[in-house]
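Accompanying notes for the structure given below.
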Amino acid sequence: MSAAVNTSREAVVRAIQDLGVVAVIRMRDAAKLRAVVDAIAEGGVRAIEVTMTVPGAVGLIATLASSLPSDILLGAGTVTDVATARAVIDAGARFVVGPVFRPDVIVACHERGVPIAPGCFSPTEILDAHERGADIVKVFPATALGPSYIKDLRAPMPQLKLMPTGGVTLDNAGDWIRAGAVAVGIGSALLDAKAIDEGRLDVLTGNARRIVASVASAR
């Protein structure tokens, strides 16, 4: 891998860390995706993870990649195999997130110069993913763990870059950051399904502002 590719990958990781919030988008109505992205970006959430559970996700990523402002970082989520990783990267995803740890997916992403955040749960699995090159480790599902889990992991392993997903809310995001997370992944708490259905996208913008403020105050 060339130095230029490595630099690019590292720059994306730094951007995710600087932003501190990754919006995990799982929507039933793909037609509303762009409006939702615009609404949360207006509120300051500019790292967007379009999951493979969204209908036509790869095509939507391609459309967004060619039209979104350059300050919005577009990624793909729920990626569990090499073929899908290559497809979303070809479509324009600048980072890849998985719900599980698959070493071959890490290799495939790095071959294209794209950072990968695999999903891990146990300390052993998390360290294994880190040692195999994971750029960030997604701690998932973090719902039952709480911020103290992040603090406890990083006490003996401060080198870990952890991004809890699941259990992150608008109000507790800062607690995860204070515990040592480099960023948080947030889905339903940010992307109010009822508000989306009713076209009240200002609710999403307000939610985005709250979580960005929570992360900023923790830093």
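The values are calculated or read from the model by the stated rules, or taken from the named source; none is laboratory data. This is a predicted model, so every value here is computed, not measured. Here the Cβ is made from the backbone with ideal geometry for all residues, glycine too, and neighbour counts use every protein chain on show. Please note that ligands, DNA and RNA were not included when accessible areas were found on the heavy atoms of the full protein model with its side chains. Shrake-Rupley method; radii C 1.70, N 1.55, O 1.52, S 1.80 Å.
For the stretch 13-69, residues that are without any contact (Cβ under 8 Å) to a residue 40 or more places away in the chain, charged (D, E, K, R) and either closer than 17 Å to residue 84 by Cβ or touching a His at 6+ places or on another chain (Cβ under 6 Å) (or both) total 0.
Scanning the stretch 180-219 for residues that are among the basic types (Lys, Arg) and without any contact (Cβ under 8 Å) to a residue 24 or more places away in the chain turns up 194, 200. Restricted to helices (runs of 4 or more DSSP H) entirely inside the stretch 142-203, those with at least 1 residues that are at pLDDT 95 or above and closer than 22 Å to residue 115 by Cβ are 147-154, 173-178. If we scan the stretch 40-47, do we find a residue that is out of contact with any Leu (no Cβ under 7 Å at 6 or more places or on another chain), closer than 12 Å to residue 23 by Cβ, at pLDDT 95 or above and assigned to a helix (DSSP H, G or I)? Yes, because at least one residue in the stretch 40-47 is out of contact with any Leu (no Cβ under 7 Å at 6 or more places or on another chain), closer than 12 Å to residue 23 by Cβ, at pLDDT 95 or above and assigned to a helix (DSSP H, G or I). Just the residues that are open to solvent by less than 20 Å² (accessible area, probe 1.4 Å) and over 30 Å from residue 161 (Cβ atoms), please, taken from the stretch 173-205. Within the stretch 173-205, 195, 196 qualify.
Scanning the stretch 95-127 for residues that are over 23 Å from residue 25 (Cα atoms) and either modelled with pLDDT under 95 or touching a strand residue (DSSP E or B) at 6+ places or on another chain (Cβ under 8 Å) (or both) returns 110, 126.
Just checking, which of 96, 100, 88, 79 is in contact (Cβ under 8 Å) with a residue 12 or more places away in the chain, part of a loop (DSSP other than H, G, I, E, B) and surrounded by 23 or more Cβ atoms within 10 Å (Cβ to Cβ)? From the options 96, 100, 88, 79, the qualifying one is 79.
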